[in-house]
Amino acid sequence: FEAVHGTAPDIAGKGIANPTAVMLAGCQLLDHMGDKPRADRIRAAIEGTLKEGKTVTGDVGGSANTEQYTDAVIARLKS
């Protein structure tokens, strides 16, 4: 269970990476472990954040950094 893209050493430590692939890999792990409800909640939070488009990373047209995007996904999980 891992993101299939490379390690992107050119942007490492800059806070500009989009962590969605890693989050979705975690969802696959939860599915595999039989915790589909939790995986579905995380996927819904990711989808909602991306659809809203307010706090997304540059690769999908936004200006948020990695931490801001992750915080937006977490906020949806808490609501």
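Take the residues of segment 25-41 that are open to solvent by 40 Å² or more (accessible area, probe 1.4 Å) and within 23 Å of GLY6 (Cβ to Cβ): which is farthest from the chain's Cα centre (by Cα)? Top of the filtered list is LEU29. Here the condition is being part of a helix (DSSP H, G or I) and surrounded by 13 or more Cβ atoms within 10 Å (Cβ to Cβ); of ALA72, ALA17, it holds for ALA72 alone.
For segment 54-69, a residue qualifies if it is open to solvent by less than 70 Å² (accessible area, probe 1.4 Å) and touching a helix residue (DSSP H, G or I) at 6+ places or on another chain (Cβ under 8 Å), and the qualifying residues are THR55, VAL56, THR57, GLY62, ALA64, TYR69. Kindly indicate whether THR7 is assigned to a loop (DSSP other than H, G, I, E, B), out of contact with any Asp or Glu (no Cβ under 6 Å at 6 or more places or on another chain) and among the polar types (S, T, N, Q). So THR7 passes the test. The C-beta contact set for segment 50-70 (first residue touching a residue at least 12 places away in the same chain (Cβ under 8 Å) and of a type in the set (Ser, Thr, Tyr), second residue assigned to a helix (DSSP H, G or I) and surrounded by fewer than 18 Cβ atoms within 10 Å (Cβ to Cβ), distance under 6 angstrom, 6+ apart or interchain) comprises THR55/GLN68. Here GLY6 meets each of (1) loosely packed, with under 13 Cβ neighbours inside 10 Å; (2) modelled with pLDDT of 95 or more with one exception, condition (2).
The values are calculated or read from the model by the stated rules, or taken from the named source; none is laboratory data. From a predicted model like this one, the values you see are computed outputs, not experimental measurements. Cβ sites come from the backbone with ideal geometry, for glycine too, and all protein chains shown count toward neighbours. With ligands, DNA and RNA removed, areas are computed over all heavy atoms of the protein, side chains included. Shrake-Rupley method; radii C 1.70, N 1.55, O 1.52, S 1.80 Å.
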